[in-house]
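Shown next, in structure tokens, is the structure this report addresses.
The values are calculated or read from the model by the stated rules, or taken from the named source; none is laboratory data. Predicted, not measured: the structure shown is a model, and the values here were computed from it. Cβ placement follows ideal geometry from the backbone for every residue including glycine, while neighbour counts extend to all protein chains displayed. For the accessible areas, the whole protein counts, side chains as well, though only heavy atoms, and no ligand, DNA or RNA atoms are used. Shrake-Rupley method; radii C 1.70, N 1.55, O 1.52, S 1.80 Å.
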Amino acid sequence: MAEKANPYDMAVRQLENVARDLDIDKDILEILKRPKREIIVHLPVKMDNGEIRVFTGYRVQHNDARGPFKGGIRYHPDVDLDEVRALAMWMTWKTAVMNLPYGGAKGGIACNPKEMSKGEIERLTRRYTYAIRDFIGPYKDIPAPDVYTDEQVMAWIMDTYSVFSDRMEPGVVTAKPLALQGSQGRTEATGFGVMVVAKEAVRKLSISGDVTVAVQGYGNVSYWAAHFAHEWGFRVVAASDTKGGVYNPEGINPDKLLEHKRATGSVVGFPGAKEISNEELLELPVTILVPGAIEEVITGKNADSVQARIISEGANGPTTPEADKILHEKGVLVIPDILANAGGVTTSYLEWVQNLNRFYWSKKEVLSMLESRMVSAFNDVFSLFKEKDVDMRTAAYMIAVSRVVEAMRIRGIWP
Ligand code: NAD
């Protein structure tokens with residue numbers, strides 16, 4: 001297997017390319033290439049067998065020119081400083097392209113939560129929160145879940161932080177449980193957003209008649225994308241998971257498919273549908289393709305065989321740079337991950353606003369605000385894509401980087 005590219009080098013290279021397109025001053029570029037702050041903490045945790053283990057945790061705060069830092073925390077054995085740096089920078093661009101009043105940050109702990117008990121994960125989480133508590137807060141840096149962290153982990157962070165603040169501070173993290181002032185609509189937010197921007201693309205491209213949809217993966221993001229596609233009158237024809245895919249050109253009911261997956265452990269074997277591979281799913285003749293599972297599935301090798309008109313990136317990084325080039329030349333509209341899957345962070349923002357005001361909205365209200373923010377961000381990116389004749393990803397990065405640079409310039413962050 002090829003060696004994994006260093007994600008931080010990739011993020012810097014991406015930034016350099018956009019800076020060149022935007023003719024950004026080299027001194028500004030030097031500031032943006034590096035995070036504003038990098039925190040490394042070593043966390044002694046008593047394990048269930050009585051031994052003490054020392055874990056390494058990170059919080060990297062890339063940029064806060066537009067507002068407090070914002071970004072998830074992941075628990076994974078492969079977490080290291082360069083990965084967290086890259087993810088923090090990508091958060092800066094994601095919040096900027098969505099025009100949320102935030103900067104970008106990311107955190108992580110190198111650990112394997114699959115081999116840890118709930119008690120061990122709780123003690124680790126509380127140690128980590130204790131160690132970084134001076135650097136986070138509702139007006140400083142607001143973490144959220146990422147890989148292998150969930151609403152329970154957020155609840156522990158909120159509780160530990162609140163103990164030191166002497167009052168409950170729900171706004172210190174987002175994606176909390178509803179019982180602890182989480183937001184309605186957070187569960188479906190990302191898949192909903194993925195389909196909102198796809199629907200907008202259908203409208204912009206004046207596609208009339210039957211709209212068909214294939215989703216790769218059938219977890220949180222892809223299921224909700226399929227659910228809303230069906231609700232809005234599109235025909236969901238294919239879905240998949242690690243065990244394979246199913247295809248029925250006549251249409252698949254996404255809720256029935258979820259029931260089947262819950263009952264059998266996979267989408268495979270769904271009545272009336274033909275079995276296909278994950279690779280075949282990506283090449284189906286559909287209007288909208290949602291790669292909503294893992295990274296790097298559309299590559300230089302298969303991009304030419306993609307028949308979809310629109311790709312809405314539910315997963316992070318599903319399309320490689322070689323594939324991007326081929327798809328752009330073929331006229332496939334790729335809605336990039338920093339825009340397409342930003343429904344989660346946007347709903348986190350709405351949760352934070354509710355927390356600061358101690359005033360709560362219904363699911364309908366949250367999804368309606370989310371929809372208008374997704375549509376507006378999509379329109380900004382689509383207009384620049386048309387104007388500059390670049391691909392949608394480049395257009396999204398251009399908007400994001402210019403917004404951050406503009407904020408830095410007005411604040412006078414450098415002389
Ligand atoms: P999930 O764990 O709920 O679902 C993942 C799905 O992908 C599962 O159905 C799994 O079977 C399938 N899958 C895994 N490996 C596969 C493979 N090799 N081929 C085909 N299918 C495979 O995860 P999720 O929350 O839906 O996240 C999916 C992607 O979206 C990830 O890249 C994640 O980083 C990204 N994302 C998620 C959110 C969110 O709010 N959940 C927000 C932004 C981005």
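Observations, loosely collected:
- If you model the stretch 196-342 as an ellipsoid using its alpha carbon gyration tensor, with each semi-axis the square root of five times an eigenvalue, the axes come out at 22, 17, 14 Å, biggest first.
- Radius of gyration (Cα atoms) of the stretch 349-415, expressed as a multiple of 2.2 N^0.38 Å: 1.48.
- GNM flexibility winner over the chain from ASP389, ASP48, ASP64 (Cα, springs under 10 Å): ASP48
- Once you reduce the stretch 105-181 and the stretch 217-254 to the center of their Cα atoms, the two points are 33 Å from each other.
- Partner lysines for LYS140 [C-alpha distance under 23 Å; skip if fewer than 8 residues away on the same chain]: LYS33, LYS36, LYS70, LYS94, LYS106, LYS176
- For GLN216, the residues whose amide H sits under 5 Å from its own are VAL290, GLY292, ignoring neighbours fewer than 5 places away on the same chain, with H placed 1.01 Å from N.
- Counting every alpha-carbon pair across the stretch 35-137, the share separated by more than 23 Å comes to 28%.
- Value of Rg/Rh across the stretch 3-49 [Cα atoms, Kirkwood radius]: 1.28
- Protein accessible area in the chain, 1.4 Å probe - carbon and sulfur %: 49 percent
- Choice from THR299, THR319, THR174 showing the highest fluctuation, given a GNM over the chain with Cα pairs closer than 10 Å: THR299
- A DSSP coil position with no more than 16 other Cβ atoms inside 10 Å describes the following chymotrypsin sites (Phe, Trp or Tyr not before Pro) in the stretch 55-150: PHE135, TYR139.
- Equivalent ellipsoid dimensions for the stretch 229-287 as semi-axes, Å, which come from the Cα gyration tensor, largest first: 16, 15, 9
- Sites listed here are trypsin sites (Lys or Arg not before Pro) in the stretch 121-179 whose DSSP assignment is loop and whose Cβ has at most 16 other Cβ atoms within 10 Å: ARG133, LYS140, ARG167.
- Global size of the chain as Cα Rg and Dmax, reported in angstrom: 21.2, 66
- Computed [θ] at 222 nm, helices only, for the chain once each DSSP H run of length n ≥ 4 contributes -39500 (n - 2.57): -15000 deg cm²/dmol
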